[in-house]
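What follows is a single structure, written as C-alpha cells, with notes after it.
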Amino acid sequence: MTELPAIKKGTRKLSIIASKGSLDMAYPVLILANAARMAGIETHVFFTFWGLDIVNKKKMNKLNVAMVGNPSMHPMFHIPTWIGAIPGMVWLGTWMMRREIAKLDFPPVGEFMEMLVDAGAHLYGCKMSMDMMKLTKADLIDGAEVLGAMEFMEISEGGQIIFV
Amino acid sequence: MSILDTVKFDAEGFMTDPKAWTKEIAEAIAAREGMTLTERHWVVINFARNFFQKGGESPTPRNITKNTDVSTKELYELFPGGPGKLVAKVSGLGKPHGCI
C-alpha cells in the first residue's frame with residue numbers, strides 16, 4: 001500500500017479573535033473559520049468589542065465598510081480618504097463591497113454565520129464586551145455562547161490563535 | 001492485500017489519476033478515513049464526480065450544498081474529518097482550490 005503521512009485527525013485547533021465589526025474586517029474571520037472547518041480543524045471564534053456586531057443577530061447584516069482612515073480603500077476602489085467623509089459614501093462603499101463579495105459567491109454575513117454554526121465552528125460572544133454593550137445571549141446568533149476571556153484562554157490551550 | 005495497493009496517491013492522500021477511480025476504491029478510501037459510505041455519501045460523491053467531469057475542478061463544500069439537497073450540517077456529519085478534503089479524496093479527485 002502507498003505510504004501516506006500520518007493523518008493527524010482532531011489534533012489541530014484554531015482560535016480566532018474577532019475584534020473589529022466592519023464589513024472588511026468581518027469577512028477574513030468568516031472565511032478563515034470556514035476554511036478551517038472545511039479542513040476538519042477544530043475551530044473557535046471569540047467575538048469581542050466591535051467584533052460583537054458580527055455575531056449580533058440585529059447587526060450582522062448591517063455591517064459597513066469604514067471609508068475614512070482605511071488606507072486600503074484607495075487601491076481597491078480609488079477613493080481618496082477625504083471623499084469618504086462625504087455623506088452617503090459609507091453606504092456606497094459598503095454597497096460596492098457587498099456586490100463584489102456576492103460575485104465571488106460568498107454569502108452575506110448572517111448566512112455565512114449560520115453556515116459556520118452548521119459546520120460545527122464554536123462561536124462565542126465576549127462576556128465583558130456584552131456587559132458593556134448591554135447584550136445578552138438572546139442577542140447572539142442561535143448556536144453562539146457567552147464566554148469570559150479566561151475561559152477562552154482555556155479553550156484555546158494548545159491551539160493556534162489568529163487576532164483580527 | 002487491499003484494493004488501494006494498486007492506486008496511486010499524492011503525499012496528502014489524493015488520487016493522482018481521477019480516471020482510475022472506481023466505487024470499490026471509494027469504499028476503501030472511506031474505510032481508511034474511518035467512514036462507512038451510505039446512500040447520502042453517494043449523493044455527494046456522485047455530484048463531485050459530475051462536477052469534476054464538467055469543469056475539471058473538485059467541488060468545494062458550498063458547491064455541494066448549493067447544488068444538492070445535502071445541507072451544510074449534513075455534509076459535516078457525513079464527512080466529520082472535514083468535507084473540504086474528504087469529499088475529494090473519496091471521490092478520487094484532487095484537492096479543491098475554492099475558499100468556501
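The values are calculated or read from the model by the stated rules, or taken from the named source; none is laboratory data. These numbers come from a predicted model, not from an experiment. Every residue, glycine as well, gets a Cβ built from its backbone with ideal geometry; the counts of neighbours run over all protein chains shown.
Structure notes:
- Candidate set from the stretch A:105-135 (those that are hydrophobic (A, V, I, L, M, F, W, C), in a loop (DSSP other than H, G, I, E, B) and within 8 Å of chain B (Cβ to nearest Cβ)); member that is surrounded by the most Cβ atoms within 10 Å (Cβ to Cβ): A:Ala119
- Lone qualifier among B:Leu93, B:Leu78 - being surrounded by 18 or more Cβ atoms within 10 Å (Cβ to Cβ), within 14 Å of another protein chain (Cβ to nearest Cβ) and of a type in the set (A, V, I, L, M, F, W, C): B:Leu78
- Top-ranked residue of the stretch A:4-23 - restricted to ones that are at pLDDT below 90 and more than 10 Å from every other protein chain (Cβ to nearest Cβ), ranked as surrounded by the most Cβ atoms within 10 Å (Cβ to Cβ): A:Thr11
- Among the residues of the stretch A:51-88, those identified as loosely packed, with under 12 Cβ neighbours inside 10 Å, at pLDDT below 80, in a loop (DSSP other than H, G, I, E, B) and not small (Gly, Ala, Ser) are A:Pro71, A:His78, A:Pro80.
- Selection within the stretch B:42-62 - in a helix (DSSP H, G or I), within 25 Å of B:Ala31 (Cβ to Cβ) and in contact (Cβ under 8 Å) with a residue 12 or more places away in the chain: B:Val43, B:Val44, B:Ile45, B:Phe47, B:Ala48, B:Arg49, B:Phe51, B:Phe52, B:Pro61
- Residues that are at the interface with chain A (Cβ under 9 Å from one of its Cβ atoms), farther than 17 Å from B:Arg40 by Cβ and either β-branched (Val, Ile, Thr) or touching a Ser or Thr at 6+ places or on another chain (Cβ under 8 Å) (or both), drawn from the stretch B:52-75: B:Thr60
- The residue of the stretch B:1-17 that is farthest from the other protein chains (Cβ to nearest Cβ), among those that are of a type in the set (Ser, Thr, Tyr) and either within 10 Å of B:Ala28 (Cβ to Cβ) or in a loop (DSSP other than H, G, I, E, B) (or both), is B:Thr16.
- The residues of the stretch B:18-39 that are loosely packed, with under 15 Cβ neighbours inside 10 Å and at the interface with another protein chain (Cβ under 10 Å from one of its Cβ atoms) amount to a single one, B:Gly34.
- Scanning the stretch B:81-90 for residues that are outside any loop (DSSP other than H, G, I, E, B) and either charged (D, E, K, R) or touching a residue at least 40 places away in the same chain (Cβ under 8 Å) (or both), we see that the one that is farthest from the other protein chains (Cβ to nearest Cβ) is B:Val90.
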